[in-house]
Amino acid sequence: MHGEMHYMATDRAHERRANPKLILPECKSIIVVALPYPNPSGLIDPKGLGRVAVYARGDDYHNIIPPKLAQLIQWLESETGKKIAHKIYTDTGPILERELAQRAGLGWIGKNTMLINPKAGSYFLLGEALIDLDLTPDDPFITDQCGTCTRCIDACPTEAILDNRVLDARQCISYLTIEAKGSIPEELRSNMSDWVFGCDVCQAVCPWNRFADSLTPAPELMPHLESIHLINEISLTPHEFNLKFKNSPIKRSKRRGYLRNVAVALGNSNDSTVTPTLEKRASEESDLLVKEHIEWAIENLKR
């Protein structure tokens, strides 16, 4: 169910995920950290504005967590008086982050496949440091506190959350707007609403997030992204896209993926006044992927 993420299916990836010593032969312990980002309550954008997952409204966490873990390693080296062999990751390597976090006592893996902490909910990002120090491990989090609740499963717009804590990435809005590089299946487009990068639905409905303690988010992750005015975004040039999202996770989707997503959101807007702009953009756009989705948006608005 990994869709276009073919790297997940290789034997080498499976072996490295199963055995951290294939990544760092000297590995004796793994330090797992969680960095909070803002609870999106009250941040849902009004009609006409595209929605972005809250973690992506600040700076790119890939540039935030590794330096913090590097500082931790430096502190450990000063405390131990020895050089520490290490590898640092945050969603960047072949390791099972949520499984390691559960074993480190940070929470349990919920029915929406997110790691959930009973005090903090799930609005945090994970990072790991593989090190050659033999540390006493924390107790794993062994209780499942989802109970009979199925709110995340019931709320998923594209029915991507299956039983037994399985996610079909091919149906997931986050996958479709970020990881998928090709055409979005037509049967899923109308259910994607106005999401243009990521999705927060399965977390937003989770009771553990509704009643989570108010943690102080990392300052770098505080939302500073300007509102996504869909009709303006569809005309972004490559230079404008690169400039606007220079330090944002959104740059990961590249302009063609982002404009593809914006076109789908416009097609779901029920706002026929955008049709002339879309028709003009369809005649101008040279990227066939973007052009295809703009043309779909035009047809969808006529229905």
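Quick look at the numbers
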quantity: Gained length - His6 relative to Asn63, 0.36 nm times residue gap less alpha-carbon distance; calculated: 18.1 nm
quantity: Asp134-Asp287 pseudo-label distance in nm [points 7 Å out on the Cα-to-Cβ vector]; calculated: 5.3 nm
quantity: Among (1) 6, 24, 32, 23, 11, 3, 0; (2) 6, 27, 35, 20, 9, 3, 0; (3) 6, 22, 21, 16, 13, 10, 8, 4, 1, the entry derived from the coordinates for P(r) over Cα pairs in 10 Å bins from 0, in percent; calculated: (1)
quantity: Under 20 Å from the Cα of Lys119 - lysines, other chains or at least 8 residues apart; calculated: Lys111
quantity: Whichever lysines have a C-alpha closer than 19 Å to that of Lys82, once near sequence neighbours (fewer than 8 apart) are set aside; calculated: Lys28
quantity: Average accessible surface area per residue within the range 189-303, 1.4 Å rolling probe, Å²; calculated: 49 Å²
quantity: Isolated Cys residues of the chain, judged by Cβ distance under 4.7 Å to other cysteines; calculated: Cys27, Cys146, Cys149, Cys156, Cys172, Cys199, Cys206
quantity: GNM flexibility winner over the chain from Leu288, Leu100, Leu49 (Cα, springs under 10 Å); calculated: Leu288
quantity: Given charges at Cβ of Lys, Arg, Asp, Glu: the range 146-303 dipole, positive-most of Ala218, Val205, Ala180; calculated: Ala218
quantity: In nm, spacing of pseudo-spin labels at Lys119 and Ser183 (7 Å Cα→C-beta vector); calculated: 5.1 nm
quantity: Most fluctuating residue given options Leu24, Leu259, Leu125, as computed from a GNM of the chain linking Cα atoms under 10 Å; calculated: Leu24
quantity: Cut-off 12 Å between beta-carbons: net charge of the residues surrounding Ala282, Lys and Arg +1, Asp and Glu -1; calculated: -4
quantity: Carbon/sulfur fraction of accessible area - the chain, other protein chains in place, 1.4 Å, %; calculated: 52 percent
quantity: Contour minus Cα-Cα distance for Thr277 and Ile142 (0.36 nm per residue); calculated: 43.2 nm
quantity: Gain upon complete extension [Lys83, His229; 0.36 nm per residue less C-alpha separation]; calculated: 47.6 nm
quantity: Under-5 Å amide H pairs with Trp195, H placed in peptide plane, nonlocal only; calculated: Arg51
quantity: C-alpha center-to-center spacing [the range 139-185, the range 244-288] in angstrom; calculated: 25 Å
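The values are calculated or read from the model by the stated rules, or taken from the named source; none is laboratory data. Please read these numbers as outputs of a predicted model, since none were measured by experiment. Note that we place each Cβ from the backbone using ideal geometry, even for glycine, and neighbour counts take in every protein chain shown. Accessible surface areas use protein heavy atoms only, side chains included; no ligands, DNA or RNA. Shrake-Rupley method; radii C 1.70, N 1.55, O 1.52, S 1.80 Å.
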